Amino acid sequence: MDAVKLKAEEARVLGALLEKEATTPEYYPLSLNALMNACNQKSSRDPVTALAEDEVRQALHGLERLGFAGAVRGSESRVAKYEHRLAEVFNFRRDESALLCCLMLRGAQTPGELRTRTERIFAFEDTEAVLAGLQKLSVREPALVRQMARQPGSREARWVQLLGGSDESETSAGEAREADIRVSASSSLAARVAQLEEEVARLREQVEVLQTTREIE
């Protein structure tokens, strides 16, 4: 399928549907009011929003046109209930769905942050498992996530989802390359400092061994 660019409200609604399906299946699919509350909850959201009912309804219309979400088909409930349909569109595995959900609800994050924050949806064994899931999403056609340039002083690079709804997902390739250059220079200096510190520690250890030997003699 062609690349999709969701509006911020659409990404929040889609992320909320993904999350609630996994964390509170007894209340899923969601009524419009429940979905609005899920979008605007203050925990596990960045940024926190205050979407009105009409905004959530319009977001659902946009997602329905894309085939990503819509009202439950054939439901006998007197209140309309809504569900996501990403399984039909992308055939996600549970780990991939968890990662995309968390990225849509909380913005760009490191693999370590994603491992912690997806625990209620999917329990990754370690950070390597998170990276494996991110790599699968990044090589889809079109790519659904990408790794951002690592910021100076950061131990891990952050990842961002590419379905849209986030300023970070619009970062240009040129900006990313410039950031990569800065990070590379910083990393080279840090590596050199670490090497010197290691050499100093080794010399100090040798001196201490010599002093201990002399004291014994």
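The values are calculated or read from the model by the stated rules, or taken from the named source; none is laboratory data. Bear in mind the structure is a predicted one, so any value in this text is a computation, not a measurement. Reconstructed Cβ throughout: ideal geometry from the backbone, glycine too, with neighbour counts over all protein chains shown.
Every listed requirement among (1) part of a loop (DSSP other than H, G, I, E, B); (2) of a type in the set (S, T, N, Q); (3) on the phi < 0 side of the Ramachandran plot is met by residue 37 save one, (1). The helices (runs of 4 or more DSSP H) located wholly in the range 56-162 that include 2 or more residues which are without any contact (Cβ under 8 Å) to a residue 24 or more places away in the chain occupy 86-90, 111-117, 127-138.
Taking first residues from the range 3-26 that are modelled with pLDDT under 95 and partners that are hydroxyl-bearing (Ser, Thr, Tyr) and part of a helix (DSSP H, G or I), no Cβ contact under 7 Å between residues at least 6 apart in sequence or on separate chains turns up. For the range 83-142, the set of residues classified as acidic (Asp, Glu), exposed (fewer than 14 other Cβ atoms within 10 Å of the Cβ) and within 25 Å of residue 31 (Cβ to Cβ) consists of 88 only. Here residue 150 meets the list (1) modelled with pLDDT of 95 or more; (2) crowded, with 19+ Cβ neighbours inside 10 Å almost entirely, failing just condition (1). Screening the range 36-59 for residues that are under 18 Å from residue 100 (Cβ atoms) and among the aliphatic types (A, V, I, L, M) and picking the one that is surrounded by the most Cβ atoms within 10 Å (Cβ to Cβ) gives 59.
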